[in-house]
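Presented below is the structure to which this report refers.
The values are calculated or read from the model by the stated rules, or taken from the named source; none is laboratory data. Source: prediction; values computed, not measured. When we count neighbours, we look across all protein chains shown, and the Cβ atoms used for this are built from the backbone with ideal geometry, even at glycine. The area values use the complete protein model at the heavy-atom level, side chains included, leaving out ligands, DNA and RNA. Shrake-Rupley method; radii C 1.70, N 1.55, O 1.52, S 1.80 Å.
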Amino acid sequence: MRCKLVTQALQQTATGGVLPQWESSTWGGGRSCNRRDLQVAMPTLYLSPHPDNFQNLRVLVAARYGRHEPRVVSLPPDKELGNPSFSVPKLPALETQAGVRVSGAAAVSYLLCPDAMRGQSPEASALVRQWVSFADLEIAPAASAAAFSVLGVSKQSKQVTDRAVTELQSLLAVLDGHLKLRTYLVGEAMTLADVTVASSLLLPYKYVLNQSLRASYTNVTRWFLTCVNQPEFQFILGPMKLCEQTTVVGTLKSDLREPKAEFSEPKELTEPPKSASQLKKEAKKKEKLEKFQQKKEKSQQQQQQQQQQGEKKPKVEKKEKKDLGVITYNIPTPPGEKKDVESPMPDSYSPQYVEAAWYQWWESQGFFKPEYGRRSVSEPNPKGLFMMCIPPPNVTGSLHLGHALTNAIQDSLTRWHRMKGETTLWNPGCDHAGIATQVVVEKKLWKEQRKTRHDLGRELFVEAVWKWKTEKGDRIYHQLKKLGASMDWDRKLSNSVQEAFIRLHEEGVIYRSTRLVNWSCALNSAISDIEVDKKELTGRTLLPVPGYENKVEFGVLVFFAYKIEGSDEEVVVATTRIETMLGDTAVAVHPKDPRYKHLHGRRVLHPFTAKCLPIVCDDFVDMEFGTGAVKITPAHDPNDYEVGLRHGLDFITIIDETGCLVNVPPTFQGMKRFDARRAVFQLLKDAGLVRDVKDNPMVVPICSRSKDVVEPLLKPQWYVRCDTMARGAAEAVRRGDLRIVPDFHLKTWFNWMDNIRDWCISRQLWWGHRIPAYFVTVNDPSVPPGEDTDGRYWISGRTEQEVKEKAAKVFKVPTEKISLRQDEDVLDTWFSSGLFPFSIFGWPNPSEDLQIFYPGTLLETGHDILFFWVARMVMLGLKLTGKLPFREVYLHAVVRDAHGRKMSKSLGNVIDPLDVITGITLEGLHAQLLESNLDPSETERAKQGQKSDYPNGIPECGTDALRFALCAYTSQGRDINLDVNRILGYRHFCNKLWNATKFAIRGLGDGFKPQPSPEPSGSESLIDRWILSRLSHAVELCDAGFQAYDFPGITTAVYNFWLYELCDVYLECLKPVFASPDEAAIQTARNVLYTCLDAGLRLLSPFMPFVTEELFQRLPRRSPSDPPSICVTPYPSTEQYCWRNEGLDHTVDFALSIIRAVRSLRADYNLTKTKADCYLQCLDPGTARSVSCCSSYIRTLSSSNQVLVLEPGQAPPPGCAVAIASDKCTVHLLLKGLIDAEKEISKLASKKAELQKQILRLQERMGSPDYAAKVPAKVQEADAAKLKQSETELRKSEEAIENFKKML
């Protein structure tokens, strides 16, 4: 992080003299400074000599942003300037040749940075100033203290160093919360706030915040790396290496001592008098340090004495908790054969071991086929039928976590229906993804061969795509199988796209027309609305556009005048796209606008074409926006297009398919559209017609594939007439024939269906389903030549011969006189996807599958494609088959990363599910980026994102943990923020399942044979009956959850049953039973335990198919005829598991509240191994009876010596700690004789004193007059929370002291 400019300055000789005192951001009598002064002559920047001085770096970065190149002079504290009339108050300092002088990093950086970085609105400006103040007053002191302590610049005790680092961490926590959903501190671009705060954190990130510390502040680290990797930072800092290990660097002590003085005030200056509170703080700090030093010396002396006397053994260091190991399955098993489950279970859960071999066995046994267990699919099944098709994943490479979410939900539903005994089919498919695929392959071609598709030609290019598709398509299917997707892979997609187009074209539903489309000049194709990203701008913004060397200006409203024909009057119009005025054919005003009533029917003169443009009246004009007069460009704006149609205006296309100007005056002919933007503005300005230029919030349409700015162009395209089909789709939902879940999407559905526009289905690509339509040329003088937009001359057919025969009939000529030209365009990928529910079964050809499985049962997908895919399937299904394609639609949320950001390859947050399943290093993630088609700049940005989010790579989580986590996240909301760390948490849950089952199998014993039925025998103990009640409740919740698509509800129910009820309570209560000699109780407990394991694994199986299969296969069967796999074993039903006992649940819950109270007391008094007597004081006899029934379980689970229930009026013995379990029971834990009361009182008194001081400090800080105004809201919230926590701890300490005093 060595600054180039500072290093050069260190080699220069200071010019002597002392800079004057800073007053109101200026020195001495110097006049106030503005940016014009900086432009007059090169200023001189005085810096301290140390290259790690972050205030120097902050100023130099600001200068770099402001495009200033000041003369840098090193000014050590003992140097003087030639002018003795003023002195330097604080470095860095700035002096211009005009005699203007300012000092201090805040003033200098504010002056040097560009205006935009100070905030582009009053609100933004205030926020920038607030963050700058926060950095100077809070972050910089804490960061310096932490860095200097760690580096040994200032000799501080470990306690002081730890406190400095703790203070820094609390500030980082505030920053981390603020940056959770933000890229920058203020707005959507770098500001002075980012420069200042990032500079303040340079030292900590270089010397203090090692990898483990940074892991707690991923948002701050992401933002910090974003800042320091900006070109302006890079120019000043050079390569930035983050701290790897926090150590005291002795060699740096002498280097940093000198600038340490500069970080506060130069030595020559007299420090300002300190306030009473400052002096008080310093005295307290000094006293505290002295006490700590004395205590430390005393402790060292005691240790030495103990070592000499041999009284105390050296402390054995605690071993770090080991990571879950990797265990592999190495028993030779031919693919499709059943896995060996006779060998001993490994010590711990390992995904690689568990997931091996099962999927191939499932496939070979035909478990995923709807025919399984019956003679044919047409055999009636009283339990019902379930059919669902997968949203076709496109072939553009790998699936990401969004696809994994879709498949986890769909597979859990499919497995649930299959386990319920229904005839179940989940059908796979793959979409050709026209634009996405072509873009990826074109980039690959250019990267590897420096060739375009035009260099290859259409035929060879399509071959290249097929080759690539074969490679990548296989990878997608491999990913789906790794995810455990239980699809029937033998049912293939038929080619019914051509047939659907021909039928709809012959009916007139598909037609050709010239209309405005979303056009990507970079792709040279029309694109659909889903491929257009809306980039919101708050004002003037420079954006990169493909094909332009410099960024292009957007977010600016230009006002210019049109002169009224035959008059000196003018009409001023405003536009954000000034270049389109070359295609204007009218000016529109509102008919009721009094300002323009006298101009109705008049005309204006175009300044460049000399044409007269009519002034038209139209209600669409907003009188309040701009001037109330609107320029009309019908060929290049959707609203203007409608106005043009209403008023019969000319449609002049001035931008061609490549983005260059046509049909314009010679001055502009052939110019690129955004070059023309500057040229038109300049000529209007030269003509004196520009009236104003203002910042204007706007939305810029960006092509998601090419990142090009979308241009509305008039093009002849193929359209689907949607109005009639949309009415049918809307009515199906209104009648209840089609159900959409969650129902808050209904508003969107009806809004789209009731206001639908015709659908453009042609794409100017080479990859995709080529449109089977031909333009007909008739070689006969009696038939006039046709126009492209004349539908009569376009005929569709399956073969050219068929088309010729159709054309001959239409034009009444022999087929020999017919010439054909097939349309070069391909169909929109959503057209073929819309046919999917019936095309997978061979439509239009009749088949058994089509008869049985169409219509389907359910369509499950993300809410973001409700219109683009779901609505089109419904419309095309109704139109082509006369039936709805499915009865129900479930829409899940969209996956975002842990910070709430959209998944984007350029952000580095698009994660392959296989990498979460098997784990991957950070280097491996980086390597994937290098194999992608990202630009070098995007690759670097993505690397930084990966480094921030996954500094240690992604740990191996396994398929089951990934699936469970995805379903647990899926609330019926809009978006979910997925944190990989939470997935790892569910891997630990798998380990808990593994260990619990392993313990249970040992408890069941080798010869255990379960009862033929899970029905209770009647000899069950209270805790046996309770766990069966909880199992029944879990079955109820899972059944209701699947019915309502409440996946978090299901996962929570089964997770709680396994972890908090079976493992934490029941298994612990069984340990004394299994150790007892009561064989009858042991056998009963074994049967209950088996029932819980068997049903619990089946409840979990739809979400965690691999680990549940592995554990299920190791359990004995109730009957030899039981199904061979858990995936075809019946799902637990509420009819069979009906042992819910709410009264018993309440009793045990009450006992568990007592256990929690005892455990809390044990933790408070540090009773780790010692068992104390527990006395329970109950309010009434009924409570006493309930507690007595559970006393043995309370003793076991609370690690008590004995549990005694006191009679009403009976007092507990003295020397007890007290806790309230509920309003009906108080817990008394006998501590007398178990702990040293005096010692505990002494420890608590010290803690109490420290807490009182901490509370006083916080109250003083929060009570300062400018606290509310200067301190950011997030910091104020953190302070309030800290104060509340300290006050709670103080109250508990006081209560504990009183309890201990009673024991003396």
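So Leu1059 fits all but one of (1) under 37 Å from the mean Cα position of the chain (by Cα); (2) buried (at least 21 other Cβ atoms within 10 Å of the Cβ); what number is the exception?
Failing condition for Leu1059: (2).
For the condition without any contact (Cβ under 8 Å) to a residue 24 or more places away in the chain and buried (at least 18 other Cβ atoms within 10 Å of the Cβ), what is the one hit in Arg1162, Arg1195, Arg1185?
Result of the check over Arg1162, Arg1195, Arg1185: Arg1195.
So, Ser343, is that one under 19 Å from Met487 (Cα atoms) and open to solvent by less than 40 Å² (accessible area, probe 1.4 Å) or not?
Spelling it out, it is not the case that Ser343 is under 19 Å from Met487 (Cα atoms) and open to solvent by less than 40 Å² (accessible area, probe 1.4 Å).
Give segment 1217-1228 a look and list any residue that's touching a strand residue (DSSP E or B) at 6+ places or on another chain (Cβ under 9 Å) and either among the β-branched types (Val, Ile, Thr) or under 12 Å from Gln1177 (Cβ atoms) (or both), or say none.
If the condition is that a residue be touching a strand residue (DSSP E or B) at 6+ places or on another chain (Cβ under 9 Å) and either among the β-branched types (Val, Ile, Thr) or under 12 Å from Gln1177 (Cβ atoms) (or both), then Val1218, Ala1219, Ile1220, Ala1221, Lys1224, Cys1225, Thr1226, Val1227, His1228 are the ones that fit.
Taking segment 105-123 on its own, how many of its residues are open to solvent by less than 20 Å² (accessible area, probe 1.4 Å) and either part of a helix (DSSP H, G or I) or of a type in the set (S, T, N, Q) (or both)?
7
Within segment 784-803, is there a residue that is in contact with a helix residue (DSSP H, G or I) (Cβ under 8 Å, 6 or more places away or on another chain), assigned to a strand (DSSP E or B), without any contact (Cβ under 8 Å) to a residue 24 or more places away in the chain and open to solvent by less than 20 Å² (accessible area, probe 1.4 Å)?
Yes; the residues of segment 784-803 include at least one that is in contact with a helix residue (DSSP H, G or I) (Cβ under 8 Å, 6 or more places away or on another chain), assigned to a strand (DSSP E or B), without any contact (Cβ under 8 Å) to a residue 24 or more places away in the chain and open to solvent by less than 20 Å² (accessible area, probe 1.4 Å).
For segment 1049-1093, name all the residues that are in a helix (DSSP H, G or I) and charged (D, E, K, R).
Listed by number, the residues that qualify are Glu1061, Asp1064, Glu1068, Lys1071, Glu1079, Arg1086.
Inspect segment 538-553 for any residue being closer than 30 Å to Leu765 by Cβ, among the small types (Gly, Ala, Ser) and open to solvent by 30 Å² or more (accessible area, probe 1.4 Å) and give the result as yes or no.
Taking every residue of segment 538-553 in turn, at least one turns out to be closer than 30 Å to Leu765 by Cβ, among the small types (Gly, Ala, Ser) and open to solvent by 30 Å² or more (accessible area, probe 1.4 Å).
One residue is enough: does segment 1094-1117 have a residue meeting the conditions among the acidic types (Asp, Glu), assigned to a loop (DSSP other than H, G, I, E, B) and either under 18 Å from Lys992 (Cα atoms) or open to solvent by 20 Å² or more (accessible area, probe 1.4 Å) (or both)?
no
Residues in segment 566-573: is at least one closer than 22 Å to Val699 by Cα and buried (at least 22 other Cβ atoms within 10 Å of the Cβ)?
Checked segment 566-573: at least one residue is closer than 22 Å to Val699 by Cα and buried (at least 22 other Cβ atoms within 10 Å of the Cβ).
Take the residues in segment 659-670 that are more than 19 Å from Leu605 (Cα to Cα) and in a loop (DSSP other than H, G, I, E, B); name whichever of them is least open to solvent (accessible area, probe 1.4 Å).
Gly659
For segment 568-618, give me every one of the strands (runs of 3 or more DSSP E) that falls completely inside it and has 3 or more residues that are more than 51 Å from the chain's Cα centre (by Cα).
Here the list reads 603-605.
For Lys1253, are the conditions met, namely being surrounded by 14 or more Cβ atoms within 10 Å (Cβ to Cβ), farther than 20 Å from Ile1155 by Cα and either touching a Phe, Trp or Tyr at 6+ places or on another chain (Cβ under 8 Å) or not β-branched (Val, Ile, Thr) (or both)?
no
If I ask for residues that are in contact with a strand residue (DSSP E or B) (Cβ under 9 Å, 6 or more places away or on another chain) and at pLDDT 85 or above, which ones from segment 107-123 would you list?
Once the filter is applied, which keeps residues that are in contact with a strand residue (DSSP E or B) (Cβ under 9 Å, 6 or more places away or on another chain) and at pLDDT 85 or above, segment 107-123 yields Ala107, Val108, Tyr110, Leu111, Leu112.
Please find, among Glu1238, Glu1277, Glu1260, the residue that is closer than 30 Å to Ser1200 by Cα, in a helix (DSSP H, G or I) and open to solvent by 70 Å² or more (accessible area, probe 1.4 Å).
Only one candidate passes the filter, namely Glu1238.
Considering each residue of segment 712-759, count those that are closer than 30 Å to Gln822 by Cβ and among the hydroxyl-bearing types (Ser, Thr, Tyr), and give that number.
The number of residues fulfilling the criteria is 2.
Going by what's in this entry, would Glu1207 be described as open to solvent by 40 Å² or more (accessible area, probe 1.4 Å), out of contact with any Cys (no Cβ under 8 Å at 6 or more places or on another chain), more than 30 Å from Ala1237 (Cβ to Cβ) and not aliphatic (A, V, I, L, M)?
In short, no.
Would you please name the residue that is nearest to Thr748 (Cα to Cα), looking only at residues in segment 907-918 that are open to solvent by 20 Å² or more (accessible area, probe 1.4 Å) and either outside any helix (DSSP H, G or I) or modelled with pLDDT under 70 (or both)?
Val910
Could you please let me know if Gly834 is buried (at least 24 other Cβ atoms within 10 Å of the Cβ) and farther than 15 Å from Trp759 by Cα?
Judged against the criteria, Gly834 is not a match.
Run down Ala1296, Ala1249, Ala1273 and say which single residue is under 30 Å from Ala126 (Cα atoms) and under 46 Å from the mean Cα position of the chain (by Cα).
Testing whether each residue is under 30 Å from Ala126 (Cα atoms) and under 46 Å from the mean Cα position of the chain (by Cα) leaves just Ala1273.
When the residues of segment 847-895 are filtered to those that are of a type in the set (Ser, Thr, Tyr) and assigned to a strand (DSSP E or B), which remaining residue is surrounded by the most Cβ atoms within 10 Å (Cβ to Cβ)?
Tyr890
Quick check on my filter: what residues within segment 362-384 are free of Cβ contacts under 8 Å to residues at least 40 places away in the same chain and of a type outside the set (D, E, K, R)?
Ser364, Gly366, Pro380, Pro382, Gly384
Looking at segment 936-994 only, could you name the residues that are at pLDDT below 80, closer than 30 Å to Met345 by Cβ and in contact with a helix residue (DSSP H, G or I) (Cβ under 7 Å, 6 or more places away or on another chain)?
Val980
Among the numbered criteria (1) modelled with pLDDT of 95 or more; (2) of a type in the set (A, V, I, L, M); (3) touching a His at 6+ places or on another chain (Cβ under 6 Å), which one does Leu689 miss?
Of (1) modelled with pLDDT of 95 or more; (2) of a type in the set (A, V, I, L, M); (3) touching a His at 6+ places or on another chain (Cβ under 6 Å), only one is false for Leu689: (3).
How many residues are open to solvent by 10 Å² or more (accessible area, probe 1.4 Å) and in a loop (DSSP other than H, G, I, E, B) if we restrict to segment 349-367?
Selection size over segment 349-367: 3.
Residues being within 26 Å of Cys703 (Cβ to Cβ), touching a residue at least 60 places away in the same chain (Cβ under 8 Å) and not in a loop (DSSP other than H, G, I, E, B): count how many of those fall in segment 542-565.
Of the residues in segment 542-565, 7 are within 26 Å of Cys703 (Cβ to Cβ), touching a residue at least 60 places away in the same chain (Cβ under 8 Å) and not in a loop (DSSP other than H, G, I, E, B).
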